[in-house]
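Peer 1: First, the structure itself, so that you have it in front of you.
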């Protein structure tokens, strides 16, 4: 029986797309400068606290750019303590494999999938963000083959809870040259996350985009705690003081370089109750005050936020409101960032 795939068209390889949409020198310089700061934070040379913050999904350029522009002013006011890496997630995992899969698939959420238009749109948006705000952003590496379309623009890469056990994600993470956060799997087994970090910090040889490639290993690979689900489908948190202590002990039993954790304040840590992110963020900072070890170990927080509170169905048309998971609105976001800076 033949494969049941309709090969629609050949898409440009990343090298071709990068040549067609080259980056101005100002963008390259901004990325280089930010990459150095972020690397220094993860290696302990810089004590800034990272805030990975932004929409659950970057669904349209105009509202995303407005969000990022507002964030610039806040960053300026907290720059002594907090280093912001905006979330600009254009590839969205879907638990059941259906629905909106992000701008990569649908540059217009209300139109049909168009992946050629999508890869152009996501490259354009990331470029425009750097040009207009100076921010380089975080993306989820949902599809390892697609990383190279944006590899010259990104500041940070996250590997999701459903991808963290996948061999290709681990191997590609070993060669991206950026900090990569490995989320704990949905089961909550942190040894799975740790194995993923070890694999990504190791040298690897594998098949990638039709090439045999080798990597030197990525010493900036680290953990992201995002909560988990039990066998009955109930959410459980793993951001508490004891969870952070246990993860530090697990790190101590390995040869992993640059032990570090980012706490994801949403997903199963909040039970997807987006307002809980405010309390969770402050709880993590409290743990940092209690323990100097935890203070050095926790490098930052991940928070889902957009212009408007909550979420909406596609087609409802509320500007700046999430069409995937619910997010903190702008007023609450701004207030929270200032409160976190005060607490640090």
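Peer 1: Quickly run through the range 310-328 and pick out the residues that are in contact with a helix residue (DSSP H, G or I) (Cβ under 7 Å, 6 or more places away or on another chain) and part of a loop (DSSP other than H, G, I, E, B). Step through it out loud before you land on a result.
Peer 2: The first filter runs over the range 310-328 and keeps only residues in contact with a helix residue (DSSP H, G or I) (Cβ under 7 Å, 6 or more places away or on another chain), leaving 319-320, 328.
Of everything in the range 310-328, those that are in contact with a helix residue (DSSP H, G or I) (Cβ under 7 Å, 6 or more places away or on another chain) and part of a loop (DSSP other than H, G, I, E, B) turn out to be 319, 320.
Peer 1: Now, a different point. Given the options 307, 336, 285, 340, name the one that is at pLDDT 95 or above, touching a helix residue (DSSP H, G or I) at 6+ places or on another chain (Cβ under 8 Å) and either part of a loop (DSSP other than H, G, I, E, B) or within 26 Å of residue 103 (Cα to Cα) (or both).
Peer 2: Sole residue among the options that is at pLDDT 95 or above, touching a helix residue (DSSP H, G or I) at 6+ places or on another chain (Cβ under 8 Å) and either part of a loop (DSSP other than H, G, I, E, B) or within 26 Å of residue 103 (Cα to Cα) (or both): 307.
Peer 1: With (1) over 16 Å from the mean Cα position of the chain (by Cα); (2) surrounded by 15 or more Cβ atoms within 10 Å (Cβ to Cβ) as the list, and residue 111 as the residue in question, which single condition is left unmet?
Peer 2: Evaluating residue 111 over (1) over 16 Å from the mean Cα position of the chain (by Cα); (2) surrounded by 15 or more Cβ atoms within 10 Å (Cβ to Cβ) leaves (2) as the failure.
Peer 1: With the requirement that a residue be more than 12 Å from residue 146 (Cα to Cα) and in a loop (DSSP other than H, G, I, E, B), what does the range 1-22 give you? Please lay out each step first, then the result.
Peer 2: We begin by selecting, within the range 1-22, every residue more than 12 Å from residue 146 (Cα to Cα); these are 1-10, 16, 18-22.
If the condition is that a residue be more than 12 Å from residue 146 (Cα to Cα) and in a loop (DSSP other than H, G, I, E, B), then 1, 2, 3, 4, 5, 6, 7, 8, 9, 10, 21, 22 are the ones that fit.
Peer 1: Next question. Checking the conditions here, which among 154, 116, 104 is in contact (Cβ under 8 Å) with a residue 12 or more places away in the chain, out of contact with any strand residue (DSSP E or B) (no Cβ under 9 Å at 6 or more places or on another chain), in a loop (DSSP other than H, G, I, E, B) and within 30 Å of residue 313 (Cβ to Cβ)?
Peer 2: 104
Peer 1: Here's another thing I want to ask about it. Given the residues 256, 263, which is the only one that is within 20 Å of the chain's Cα centre (by Cα) and either under 21 Å from residue 43 (Cα atoms) or not in a helix (DSSP H, G or I) (or both)?
Peer 2: One residue alone meets the criteria, 263.
Peer 1: Something else: Would you tally the residues in the range 209-227 being in contact (Cβ under 8 Å) with a residue 60 or more places away in the chain and either over 22 Å from the mean Cα position of the chain (by Cα) or over 16 Å from residue 169 (Cα atoms) (or both)?
Peer 2: So the answer is 2.
Peer 1: Something else: Can we say residue 100 is buried (at least 17 other Cβ atoms within 10 Å of the Cβ), closer than 30 Å to residue 344 by Cα and under 19 Å from the mean Cα position of the chain (by Cα)?
Peer 2: Working: buried (at least 17 other Cβ atoms within 10 Å of the Cβ): yes; closer than 30 Å to residue 344 by Cα: no; under 19 Å from the mean Cα position of the chain (by Cα): yes.
No: the conditions fail for residue 100.
Peer 1: Report, by residue number, each residue of the range 167-191 that is over 16 Å from the mean Cα position of the chain (by Cα) and either closer than 17 Å to residue 220 by Cα or not in a helix (DSSP H, G or I) (or both).
Peer 2: 171, 174, 175, 186, 187, 188, 189
Peer 1: Okay, moving on. Pick from 272, 249: which is part of a helix (DSSP H, G or I), out of contact with any strand residue (DSSP E or B) (no Cβ under 6 Å at 6 or more places or on another chain) and over 21 Å from residue 41 (Cβ atoms)?
Peer 2: Details: 272 fails: part of a helix (DSSP H, G or I).
Among 272, 249, only 249 is part of a helix (DSSP H, G or I), out of contact with any strand residue (DSSP E or B) (no Cβ under 6 Å at 6 or more places or on another chain) and over 21 Å from residue 41 (Cβ atoms).
The values are calculated or read from the model by the stated rules, or taken from the named source; none is laboratory data. Here the structure is a predicted model, which means the values were calculated and not measured. No Cβ is skipped: glycine too gets one built from the backbone with ideal geometry, and neighbour counts run over all protein chains shown.
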